[in-house]
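Here the structure is laid out as structure tokens; the discussion comes afterwards.
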């Protein structure tokens, strides 16, 4: 078995790993795959290939969040410190699980304990990442220096990783001793934009905005009143984010229409979001424009804000204007942006799968 550990922080980590799992199964259909993650069960089951052994397990804490834009910094450090206090027991239990299931290789995106487990079991390990938690936590530890040992513990775990597959839009991954660049991993719709819009039932003369704030949602989104034209349709999938006049797709409705989330992204003219790897990669893969709100206290944001505009039309919408509904000015600026001259390859899952198979 090849075992994947995925962070439960949002949905981007398990989404990225599921892409690699599917690429592996195309190359070697007989492979046995397993995944252990605390990510949302419905999303995991919807994303992973049929026949994958799925069991929840938590090996990291990500960043605790009130919603997609608000972080709990001290709570995050406290919770990770609690994991460290139980580290030996967690590694022992996971190692026993791996031996019982004949695990041959461990892939992590990006729980650090996975590399300790691989070393204890005596199997190779691979990381797939565009950032690491020691880098994300560094400014948090500057605020709360008593937790310096958290970063040190994470880096010590990273030192045991056999190979880090580094995707585009990467932060500091220097705590991994061996790194290799791979292309972007992003879920792409198999439909054309016209086919996706027809399947979703979007009127052809409407501008469609997909409101996308990931696994954490957004507090008080239902109270938003925005200054857009009447020919604009705002679409949501989160149950708590349906403001007046917006169109919501439930999971059952999407299933009935045979629509995946990448299909919705392909069908939309614009995605409004906070930038994270999952949604940025999917907007690039599906050639959909992005209107984005800043994400404070998360270092990954600065990299996306600086670099993603080379590969998709993207426009910043300041949070003050976002929450007060003053979107039109920024939408007009986004519509006027040209298509990017440079196309980013999105075949990172296939390349990662080939590297993984080469390590067996």
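The values are calculated or read from the model by the stated rules, or taken from the named source; none is laboratory data. Please read these numbers as outputs of a predicted model, since none were measured by experiment. Heads up, the Cβs are rebuilt from the backbone with ideal geometry, glycines too, and the neighbour counts pull from every protein chain shown.
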Does region 270-278 include one or more residues that are surrounded by 15 or more Cβ atoms within 10 Å (Cβ to Cβ) and over 27 Å from residue 128 (Cβ atoms)?
-> yes
Of the residues in region 1-21, how many are more than 12 Å from the chain's Cα centre (by Cα) and crowded, with 20+ Cβ neighbours inside 10 Å?
-> 6
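Can residue 81 be described as farther than 25 Å from residue 293 by Cβ, in contact with a helix residue (DSSP H, G or I) (Cβ under 7 Å, 6 or more places away or on another chain) and in contact (Cβ under 8 Å) with a residue 40 or more places away in the chain? So that I can check it myself, show each step before the final result.
On the way: farther than 25 Å from residue 293 by Cβ: yes; in contact with a helix residue (DSSP H, G or I) (Cβ under 7 Å, 6 or more places away or on another chain): yes; in contact (Cβ under 8 Å) with a residue 40 or more places away in the chain: yes.
Against the criterion (farther than 25 Å from residue 293 by Cβ, in contact with a helix residue (DSSP H, G or I) (Cβ under 7 Å, 6 or more places away or on another chain) and in contact (Cβ under 8 Å) with a residue 40 or more places away in the chain), residue 81 qualifies.
Within region 339-359, identify whether any single residue is closer than 28 Å to residue 67 by Cβ and in contact with a strand residue (DSSP E or B) (Cβ under 6 Å, 6 or more places away or on another chain), and answer yes or no. Show your work before the answer.
Our first condition is that a residue be closer than 28 Å to residue 67 by Cβ; within region 339-359, this holds for none.
The answer is no, given that none of the residues of region 339-359 is closer than 28 Å to residue 67 by Cβ and in contact with a strand residue (DSSP E or B) (Cβ under 6 Å, 6 or more places away or on another chain).
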Return the total of residues in region 272-296 being out of contact with any helix residue (DSSP H, G or I) (no Cβ under 7 Å at 6 or more places or on another chain) and over 23 Å from residue 191 (Cα atoms).
-> 3
Evaluate region 180-203: report whether one residue or more is in contact with a strand residue (DSSP E or B) (Cβ under 7 Å, 6 or more places away or on another chain), surrounded by 19 or more Cβ atoms within 10 Å (Cβ to Cβ) and over 24 Å from residue 334 (Cα atoms).
-> yes
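So, residue 341, is that one surrounded by 14 or more Cβ atoms within 10 Å (Cβ to Cβ) and over 30 Å from residue 141 (Cα atoms) or not?
So residue 341 fails the test.
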Residues of region 84-116 satisfying the condition of being closer than 19 Å to residue 146 by Cα and without any contact (Cβ under 8 Å) to a residue 40 or more places away in the chain = 85, 86
In region 57-67, what count of residues is obtained for those that are more than 16 Å from the chain's Cα centre (by Cα) and in a loop (DSSP other than H, G, I, E, B)?
-> 3
Could you pull out the residue among 3, 24, 31 that is more than 18 Å from residue 119 (Cβ to Cβ), in contact with a helix residue (DSSP H, G or I) (Cβ under 7 Å, 6 or more places away or on another chain) and not in a helix (DSSP H, G or I)?
-> 31
How many residues are under 18 Å from the mean Cα position of the chain (by Cα), assigned to a loop (DSSP other than H, G, I, E, B) and exposed (fewer than 14 other Cβ atoms within 10 Å of the Cβ) when one looks only at region 296-336?
-> 1
For residue 148, which of the numbered conditions (1) touching a residue at least 12 places away in the same chain (Cβ under 8 Å); (2) over 24 Å from residue 167 (Cα atoms); (3) in contact with a helix residue (DSSP H, G or I) (Cβ under 7 Å, 6 or more places away or on another chain) fails to hold?
-> (1)
Hey, any hits in region 254-267 for a residue that's more than 26 Å from residue 201 (Cβ to Cβ) and assigned to a loop (DSSP other than H, G, I, E, B)?
-> no
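Please work out which residue is surrounded by the most Cβ atoms within 10 Å (Cβ to Cβ), limiting yourself to region 39-56 and to residues that are part of a loop (DSSP other than H, G, I, E, B) and modelled with pLDDT of 95 or more. Spell out how you get there, then give the answer.
Residues of region 39-56 that are part of a loop (DSSP other than H, G, I, E, B), as a first pass: 39-40, 48-52, 56.
So of that shortlist, the ones also modelled with pLDDT of 95 or more come out as 48-52, 56.
Details: 48: 23, 49: 16, 50: 5, 51: 10, 52: 21, 56: 12.
Going through the qualifying residues, I end up with 48.
Given the criteria surrounded by 17 or more Cβ atoms within 10 Å (Cβ to Cβ) and free of Cβ contacts under 8 Å to residues at least 60 places away in the same chain, does residue 235 qualify? So that I can check it myself, show each step before the final result.
Working: surrounded by 17 or more Cβ atoms within 10 Å (Cβ to Cβ): yes; free of Cβ contacts under 8 Å to residues at least 60 places away in the same chain: yes.
For residue 235, the condition - surrounded by 17 or more Cβ atoms within 10 Å (Cβ to Cβ) and free of Cβ contacts under 8 Å to residues at least 60 places away in the same chain - is met.
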Looking at (1) within 17 Å of residue 8 (Cβ to Cβ); (2) at pLDDT 95 or above, can you tell me which one residue 65 breaks?
-> (2)
Does residue 343 meet the test of being part of a loop (DSSP other than H, G, I, E, B) and at pLDDT 95 or above?
-> no
